[in-house]
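Structure first, commentary second.
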């Protein structure tokens, strides 16, 4: 559901964020915990955090990004959204051994692990293991291969583009990502097919 905050920030958002935020809100909102802190990794311009915070006022949203330019955009988005449950951004690198939060109810990461080295995916799950409360949820959104095969020709073309940008980037194998989750005590609970050949993978932390 696109709400007033989404409409207010729409022109500032990246086109891909404009396209996918509605389906992401609709898919994630029913699966979120009833209260607590939601940590978003690699928030970029902060559009997802702002819209999700507006749609889920019972939760506190914490956007993060390691990039200084993204920090500037995030700060502006938080200011423009003016939501009481949307925190000022924090600097966070998924690969860091320590994150600037101690405990969260959920972690959200959209469109990050394919435009980063595999070590970023490893760091994401290791960090989620450290900070997620028992029963907490990790939401991971983006393109994936299944059984080593791309799910659409467009994703295969995207893989070529990614590899040209950086050989360490690429659309990840869903099974390899699920193995990272298992190693971190996070079991795959749901796989939701999303528009534009993306997926939402939902992992649950069970101690």
Percent relative contact order for region 4-205, counting Cα pairs under 8 Å at least six residues apart, stands at 18
Label model pair residue 192, residue 80: point-to-point distance (7 angstrom along the Cα→beta-carbon line) in nm is 2.5
Within the chain, the percent of DSSP beta bridges that are antiparallel, given to the nearest 5, stands at 45
By Cβ neighbour count within 10 Å, fewest first, 24, 41, 115 rank 115, 24, 41
Distance in nm between residue 95 and residue 115 label points, each 7 Å along Cα→Cβ, equals 1.7
Region 41-103 and region 131-161 have their Cα centres apart by a whole-number Å value of 21
Between residue 19 and residue 149, the FRET efficiency computed from the C-beta separation at R0 = 30 Å comes out, to the nearest 0.05, as 0.75
The ratio Rg/Rh over the Cα atoms of the chain, Rh being the Kirkwood inverse mean 1/r radius, stands at 0.93
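When a footprinting reagent is the concern and you count Cβ atoms within 10 Å, what order do 145, 97 take, fewest first?
On the way: 145 19, 97 9.
Ordered by Cβ neighbours within 10 Å, fewest first: 97, 145.
Every number in this text was worked out from the coordinates using simple rules, so none of it is lab data. Quick caveat, the model's predicted, so the values are computed rather than measured. Note that each Cβ is placed from the backbone with ideal geometry, even for glycine, and that neighbours are counted across all protein chains shown.
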